[in-house]
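One structure is given below, encoded as structure tokens.
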Amino acid sequence: MQFVIARDPEARFRFASLQSNAAGALLNGRIQNGPVPDSVWLVEDGRIYTQSTAALRVARGLGFPWNLSYGFIIVPKPLRDAVYDWVASNRYAWFGKRDVCMVPTPDLRDRFLDD
């Protein structure tokens, strides 16, 4: 989320916790009772994208040079998702983990969907 915020000056993307009512409404009940998946979900033009497809579509919306990564969409989804899962499972070891969650500034608050 912080990566996208820093690279999305037009504020094209909005955010919601997958546990929130706002996300539940947008995802049309696709997340039922039980564990919430640890993945990125993108709702775009009424369609829902997950994992590598969601990440690549977000990157495409961030502009140059990130939009170039959208070319990986031609890689078969099972292979892309395997790489996505591998990166996701190692991200904290590679990039570190913050001790506290980001508290949005007043300027960023409108980018977060409330319950």
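No value in this document is a laboratory result; all are computed from the given coordinates. Keep in mind it's a predicted model, so treat the numbers as computed, not measured. For neighbour counting, all protein chains shown are included, and Cβ atoms are generated from backbone atoms with ideal geometry for every residue, glycine included.
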Open item on the list: How far apart, in nanometres, would the label points at Ala11 and Val43 be if each is projected 7 angstrom from Cα along the Cα-to-Cβ direction?
Closed with: 1.9
Task: Long-range HN-HN contacts of Phe112 with modeled amide H, under 5 Å - done: Phe15
Open item on the list: I want to check the label-to-label distance for Arg57 and Ile73. Put each point 7 Å from Cα in the C-beta direction and report it in nm to one decimal.
Closed with: 0.9
